[in-house]
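Below is one structure; the comments refer to it alone.
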Amino acid sequence: MTTLSHSYKFCFGPWNISEGADPYGPPTRPAQSFDWKLAQLKQLGFDAMMFHDDDAVPDIDNKSPQQMVKEAKELGKKLADAGIAAEMVAPRLWFSPMTIDGAYTSNDPKARQYAIERSLKCIDIAQVLKTKLIVLWLAREGTYLRESKNGRRSTEYLVAAIDKMLAHDKKVRIAIEPKPNEPMDVAYIPTIGHAIALGYQTRDPKRVGALIESAHAILAGLDPADEIDFAMSFGKLWSLHLNDQNGLKFDQDKPFGSNNLRLAFNQVRALERSRYGAHGEYVAFDVHPFRATKEAHTLDHLANSRRTFLRLLEKARAFDDAAAQKLVADRNYQALDQMVLEHLMGK
Ligand code: XUL
Ligand code: MN
């Protein structure tokens, strides 16, 4: 069943084994240790783990640079012993009291300075963990009310911050993960087009790319498969968070394919078309268990997402493209539509 999986490598983050807390209620499952999560990741057939800077070095703001490097090295050894790579490190720029009104785009110069310093620390951790990839989810770069910030100045701040990161380490590569809203009302850099355009304004556009998350594209009213095709035509898709989302609600991080199997199928087809992963990129599942999930099923959303991906890969590879092209040439989209449905439903 899974013989075609060789060309894709998979990862998830420690936050994807979550405990069920939401803004209206407490956790519904006990917290698991990092070591437990790492062991499960390996057992489920995943190849790498993704990290926020403080997943790697907890309480990072209160640690000296020496202590930070020491702890990152200990983590690096743990990963090497387990045969697991670190895919990326992302600065968590949305939790500190310093980033209440934004990080790189805060109106407070001290907050902007904090955000840049924290990002450079994140790069130092990535070096120790032997990954060149930094992911920027620009969580609080945006506004609750538009008059509170100047959009043009914010764009310039974002470019300046990325420039500092690129200068700090000549090998680092930055993948911007766009999301149009939540926690902000309206976020800056809401789509892949914005992310890629921003990269071209920086001092080294070759080292700035993008990460697409299915749910974030859906929240922007876009088809994630088109976002993937667009980014890959620019050679800019360096990481991927597959999941699913039921329309314009809070960010749901549902298992891949859970809401719309056809949308998921088309994402896999887009990845296949451009050979995603050919340069070592990983497929990550940024998914969470439903809050109602019992402790015994705390990993199922990850195992199921990976299984759905591999099943859809078989479907993508078995799709009769020649027959589809005949229908396209005849402009018989009714038949094409039904052909896709029959293919997905199977016998
Ligand atoms: C938030 C989100 C994050 C990023 C990493 O919606 O997707 O988990 O992927 O910071
Ligand atoms: Mn994500």
Next item on the list: Look at Ala187 and say whether it is of a type in the set (Gly, Ala, Ser) and within 16 Å of ligand 1 (Cβ to nearest atom).
Entry: yes
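Residue-by-condition table, conditions (1) more than 16 Å from ligand 1 (Cβ to nearest atom); (2) in contact with a strand residue (DSSP E or B) (Cβ under 8 Å, 6 or more places away or on another chain); (3) more than 30 Å from Tyr276 (Cα to Cα):
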position: Phe10; (1), (2), (3): no, yes, no
position: Ile17; (1), (2), (3): no, no, no
position: Pro23; (1), (2), (3): no, no, yes
position: Pro26; (1), (2), (3): yes, no, yes
position: Ala31; (1), (2), (3): yes, no, yes
position: Gln43; (1), (2), (3): yes, no, no
position: Asp53; (1), (2), (3): no, yes, no
position: Ala56; (1), (2), (3): no, yes, no
position: Asp61; (1), (2), (3): yes, no, yes
Margin query: Looking at segment 193-221, I want the residues that are free of Cβ contacts under 8 Å to residues at least 60 places away in the same chain and farther than 12 Å from Ala175 by Cα and have a partner that is among the hydroxyl-bearing types (Ser, Thr, Tyr) and buried (at least 23 other Cβ atoms within 10 Å of the Cβ) with Cβ atoms under 9 Å, at least 6 apart or on another chain. Which pairs are those?
Written below: His194/Tyr188
Checklist line | Some residue of segment 206-223 being farther than 16 Å from Leu263 by Cα, assigned to a helix (DSSP H, G or I) and either of a type outside the set (A, V, I, L, M) or within 12 Å of ligand 2 (Cβ to nearest atom) (or both) | finding: yes
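Restricting attention to segment 12-28, report how many residues are in a loop (DSSP other than H, G, I, E, B) and either acidic (Asp, Glu) or on the phi > 0 side of the Ramachandran plot (or both).
Residues in segment 12-28 being in a loop (DSSP other than H, G, I, E, B) and either acidic (Asp, Glu) or on the phi > 0 side of the Ramachandran plot (or both): 2 in total.
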Note to self: Which residue is farthest from ligand 2 (Cβ to nearest atom), if the candidates are limited to segment 228-276 and must be open to solvent by less than 20 Å² (accessible area, probe 1.4 Å) and among the aromatic types (Phe, Trp, Tyr)?
What the structure shows: Phe265
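Give me a count of the residues in segment 291-347 that are under 30 Å from Gly13 (Cα atoms) and assigned to a helix (DSSP H, G or I).
The qualifying residues number 22.
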Item checked: Residues (crowded, with 20+ Cβ neighbours inside 10 Å, not hydrophobic (A, V, I, L, M, F, W, C) and not in a loop (DSSP other than H, G, I, E, B)) located in segment 115-142 -> Arg118, Ser119, Lys121, Gly142
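Condition check: within 16 Å of ligand 2 (Cβ to nearest atom), within 27 Å of Leu240 (Cβ to Cβ), open to solvent by less than 10 Å² (accessible area, probe 1.4 Å) and in contact with a Phe, Trp or Tyr (Cβ under 6 Å, 6 or more places away or on another chain). Does Phe51 satisfy that?
Details: within 16 Å of ligand 2 (Cβ to nearest atom): yes; within 27 Å of Leu240 (Cβ to Cβ): yes; open to solvent by less than 10 Å² (accessible area, probe 1.4 Å): yes; in contact with a Phe, Trp or Tyr (Cβ under 6 Å, 6 or more places away or on another chain): no.
The answer is no for Phe51.
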Check: Taking segment 116-127, which residues are touching a Pro at 6+ places or on another chain (Cβ under 8 Å) and within 16 Å of Trp137 (Cβ to Cβ)?
Finding: Arg118, Ser119, Cys122
Next item on the list: Would you check which residues across segment 144-174 are under 22 Å from the mean Cα position of the chain (by Cα) and not in a loop (DSSP other than H, G, I, E, B) and list them?
Entry: Thr155, Leu158, Val159, Ala161, Ile162, Asp163, Met165, Leu166, Arg173, Ile174
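Taking the options Leu79, Leu38, name whichever one is under 19 Å from Val283 (Cβ atoms), over 20 Å from the mean Cα position of the chain (by Cα) and either assigned to a loop (DSSP other than H, G, I, E, B) or aliphatic (A, V, I, L, M) (or both).
Values: Leu38 fails: over 20 Å from the mean Cα position of the chain (by Cα).
Step by step, each of Leu79, Leu38 is checked, and only Leu79 is under 19 Å from Val283 (Cβ atoms), over 20 Å from the mean Cα position of the chain (by Cα) and either assigned to a loop (DSSP other than H, G, I, E, B) or aliphatic (A, V, I, L, M) (or both).
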Margin query: Please determine whether any residue of segment 75-84 is surrounded by 17 or more Cβ atoms within 10 Å (Cβ to Cβ), on the phi < 0 side of the Ramachandran plot and in contact with an Asp or Glu (Cβ under 8 Å, 6 or more places away or on another chain).
Written below: yes
Check: If Leu93 passes every condition in (1) closer than 22 Å to Ser305 by Cβ; (2) outside any strand (DSSP E or B); (3) in contact with a Ser or Thr (Cβ under 9 Å, 6 or more places away or on another chain) but one, which one does it miss?
Finding: (1)
Item checked: Top-ranked residue of segment 277-316 - restricted to ones that are buried (at least 18 other Cβ atoms within 10 Å of the Cβ) and of a type in the set (Asp, Glu), ranked as nearest to Ala231 (Cα to Cα) -> Glu281
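The values are calculated or read from the model by the stated rules, or taken from the named source; none is laboratory data. The model shown is predicted, which means the values in this text are computed figures rather than measured ones. Glycine also receives a Cβ, built like all others from the backbone with ideal geometry; neighbour counts cover every protein chain displayed. Calculation scope for accessible area: heavy atoms of the full protein, side chains included, ligands and nucleic acids excluded. Shrake-Rupley method; radii C 1.70, N 1.55, O 1.52, S 1.80 Å.
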